[in-house]
Amino acid sequence: MRKIKIIFIIVIVVILAVFIVFNYINSLRNVKIVVSDIKSVILISKNDSKELKQFSSTKNFSLKDGSYCLKAVDNRFKDTPVCFTVYKEDKDVVASFNYSKSYLNDLLKKERSSIDALIKSTYPNITDNYKVCPGSLIKDESWYGGVFVQKNNNPSDNSDYYHFIFNKKDGIWKMVAKPSIILSSYNFKDIPFEVLSEANKMTLCI
Amino acid sequence: MDDLKRKKILENIVFLIIIFFIFLAAYGVNLSIQRQGSHMLKVNTLPKDASVEVNGIYDSHNIYLQPGTYTIKAQKEGFLSNESVIEIKESDLDISLHLVPESKEALSWAEKNKTLFSEQYNEIYDIDPILPQLPFKNFIFSMHVKPGTESRIPLTIYIDTFKGYQNSPINKIRAMGFDPTAYKYKFNIESPF
């Protein structure tokens with residue numbers, strides 16, 4: 001009888017141990033990180049800033065709930081990490097990074113003539129009353145933010161400046177946000193917030 | 001015979017106690033593995049029985065979360081839902097999500113619970129942290145929100161200024177620590193474009 005009880009206890013302990021291990025494995029989520037057109041990406045645990053893995057193609061990971069960040073290892077992209085949170089379910093994460101300022105400037109050189117042509121065709125007399133600041137590409141090669149600064153007869157007078165945004169679709173640049181003192185996210189719901197925010201930060205011509 | 005019976009009963013009791021402690025230990029080990037490194041988030045909602053979602057998944061009002069950024073949403077039929085993005089760092093956190101009554105039933109519920117509701121209702125105005133800083137006035141511009149529209153999203157900021165100074169109030173909002181892109185504006189000067 002005593003032997004049976006001992007065996008029973010051992011069986012229970014084994015079952016519970018299996019249950020705990022199973023529960024632990026079950027608490028890991030399958031996270032697919034989609035990577036394309038980038039040299040390599042580093043996966044970092046945000047909790048302890050530990051580098052978990054460096055990889056260069058789409059990969060699946062078993063991750064615990066929590067926050068993680070991806071960092072691009074490629075000169076074309078900004079250092080700013082892209083973070084995501086894993087919570088209770090599997091998820092797909094697209095490693096999409098913003099281009100660095102210098103890379104965007106390189107890209108802008110190729111686009112400059114078509115952007116200038118669009119400004120001229122949309123506002124033929126703009127230079128009569130406004131100074132056209134050399135704007136910049138924002139986020140990627142498809143968004144351009146620029147500024148018109150009001151000219152004054154008296155140079156010591158203050159000037160209003162108007163922000164505008166162009167978008168490139170199917171190889172053609174188009175004005176998507178008319179010049180405005182401030183481009184509100186509520187008026188331009190189709191334009192990403194970060195594009196509007198960056199365009200709004202542009203001030204007088206440098 | 002009696003001694004033998006007593007011994008058996010004692011043996012059975014010990015056996016059951018051992019089984020109980022094994023289960024208790026297993027439960028403790030399982031819980032500590034599950035909650036390792038996590039912190040408790042307590043979500044206080046008004047009304048109290050509003051449902052809570054964490055990153056789009058239904059959850060309880062007391063949630064154990066690993067450090068990270070989460071979107072917490074409270075909702076209940078008849079009320080406008082309310083959500084907040086929180087960051088769990090190194091300690092437990094309490095947050096309050098109050099829902100604005102919208103339907104007839106919800107409004108009558110708010111009326112019945114006026115004492116509790118009106119006190120906490122004022123906190124709704126804290127949804128947008130720019131509000132305590134408005135109205136703002138100086139020599140070249142003034143900014144204000146129309147009374148009664150404080151809880152409306154988007155918040156519309158009315159700006160009165162002079163030509164040549166229209167960007168100053170926007171720069172002021174940025175200096176206050178807010179992104180001016182997130183608000184709607186009405187200027188007293190017509191746009192030339």
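What follows is calculated from the coordinates using simple rules that are stated; it is not laboratory data. The model shown is predicted, which means the values in this text are computed figures rather than measured ones. Methodologically, a virtual Cβ is constructed for each residue, glycine included, from the backbone with ideal geometry; neighbour enumeration extends over all protein chains shown.
3J(HN,Hα) along the stretch A:43-51: 8, 10, 7, 5, 4, 10, 6, 8, 6 Hz, from the Karplus curve 6.51 cos²θ - 1.76 cosθ + 1.60 with θ = phi - 60°, whole Hz, x for Gly and Pro. Comparing B:93, B:182, B:103 along the charge dipole axis of chain B, the residue lying farthest to the positive side is B:182, per the Cβ-charge model. Per-residue shielding of B:37-48, expressed as the average number of other chain Cβ atoms within 10 Å of the residue Cβ, stands at 1. With a cut-off of 11 Å between beta carbons, the residues surrounding residue B:163 carry a summed charge of -3, where Lys and Arg count +1 and Asp and Glu -1. Couplings 3J(HN,Hα) of the stretch B:60-77, computed from phi: 8, 7, 10, 10, 8, 10, 6, x, x, 9, 10, 9, 9, 10, 10, 8, 7, 4 Hz, in residue order, whole Hz [Karplus 6.51 cos²θ - 1.76 cosθ + 1.60, θ = phi - 60°; x for Gly and Pro].
Between the listed residues A:7, A:25, A:38, the Cα displaced farthest toward the positive end of the dipole of the stretch A:1-52, a dipole computed from Cβ unit charges relative to the Cα centre, is found at A:7. Using 24 Å as the Cα-Cα cut-off, could you pick out the over-long pairs in B:137/B:186; B:42/B:146; A:189/B:163? Going by Cα-Cα distance, B:42/B:146; A:189/B:163 fall outside the 24 Å limit. So what's the angle, to the nearest 10 degrees on a 0 to 90 scale, between helix A:2-26 and the longest Cα principal axis of chain A? So the helix axis and the longest Cα principal axis differ by about 10 degrees.
When you restrict to C-alpha pairs under 8 Å that are six or more residues apart and normalise by the size of the stretch A:101-158, the relative contact order lands at 31 percent. So, counting K/R as plus one and D/E as minus one, what does the shell of residues with Cβ under 15 Å around residue A:10 add up to? Around residue A:10, the charge tally is +3. Residues B:134, B:24, A:70, B:80, ranked from the fewest to the most other C-beta atoms within 10 Å, line up as B:24, B:80, B:134, A:70. For the peptides A:180-187, B:26-33, the ranking by mean Cβ contacts within 10 Å, running from highest to lowest, is A:180-187, B:26-33. Every helix of 4 or more DSSP H residues in the protein assembly as shown counts as -39500 (n - 2.57), and over all residues that averages to -10000 deg cm²/dmol at 222 nm. Across chain A, the relative contact order, built from alpha-carbon pairs under 8 Å that are at least six residues apart, equals 13 percent. The mean count of C-beta atoms from other chains within 10 Å of the C-beta of residues in A:65-76, rounded to a whole number, is 2.
Taking other residues whose beta carbon is less than 12 angstrom from the beta carbon of residue B:81, and scoring Lys, Arg as +1 and Asp, Glu as -1, yields -2.
Amide H contacts under 5 Å for residue A:93: A:32, A:33, A:34, restricted to partners 5 or more places along the chain or on a different chain, H placed in the peptide plane at 1.01 Å from N. Distance from the alpha carbon centroid of the stretch B:47-77 to that of the stretch A:163-178 works out to 39 angstrom.
Remark: relative contact order (chain B) = 12 percent; criterion is Cα-Cα distance under 8 angstrom and separation of 6 or more residues. Counting only lysines at least 8 places from residue A:3 when in the same chain, those with an alpha carbon closer than 25 Å to its own are B:5, B:7, B:8. Span-like helix check, chain B: qualifying full DSSP H segments, with Cα axial length of 18 Å or more and mean Kyte-Doolittle of 0.0 or more, are B:2-35. Listed peptides A:194-201, A:99-106 appear in the order A:194-201, A:99-106 once ranked by packing, highest mean of other Cβ atoms within 10 Å at the front.
By the count of neighbouring beta-carbon atoms within 10 Å, fewest first, A:157, B:128 end up ordered A:157, B:128. In sequence order, the stretch B:136-147 has phi-based couplings of 10, 9, 9, 5, 10, 7, 9, 10, 8, 10, 5, x Hz under the Karplus curve 6.51 cos²θ - 1.76 cosθ + 1.60, θ = phi - 60°, and Gly or Pro positions carry x. Between the amide H of residue A:176 and those of A:165, A:166, A:167, distances stay under 5 Å, these residues lying 5 or more places away or on another chain, with hydrogens modeled in the peptide plane. Among B:147, B:132, B:67, the largest mean-square fluctuation in a Gaussian network model of chain B (Cα springs under 10 Å) belongs to B:147.
Taking amide H positions as modeled 1.01 Å from N, with prolines and chain starts lacking one, the residues under 5 Å from residue B:44 and 5 or more places away or on another chain are B:95, B:96, B:97. Taking other Cβ atoms within 10 Å as a rough exposure proxy, A:119, A:7, B:95 sort from fewest to most as A:7, B:95, A:119.
Any idea what angle helix A:101-122 forms with the longest principal axis of chain A, computed on alpha-carbon atoms, 0 to 90 degrees, nearest 10? On a 0 to 90 degree scale, this one is about 40. Taking every residue in B:55-66 and counting other chain Cβ atoms within 10 Å of its Cβ, the average works out to 3. Computed over chain B with a Gaussian network model linking Cα atoms closer than 10 Å, the most mobile of B:141, B:23, B:15 is B:15.
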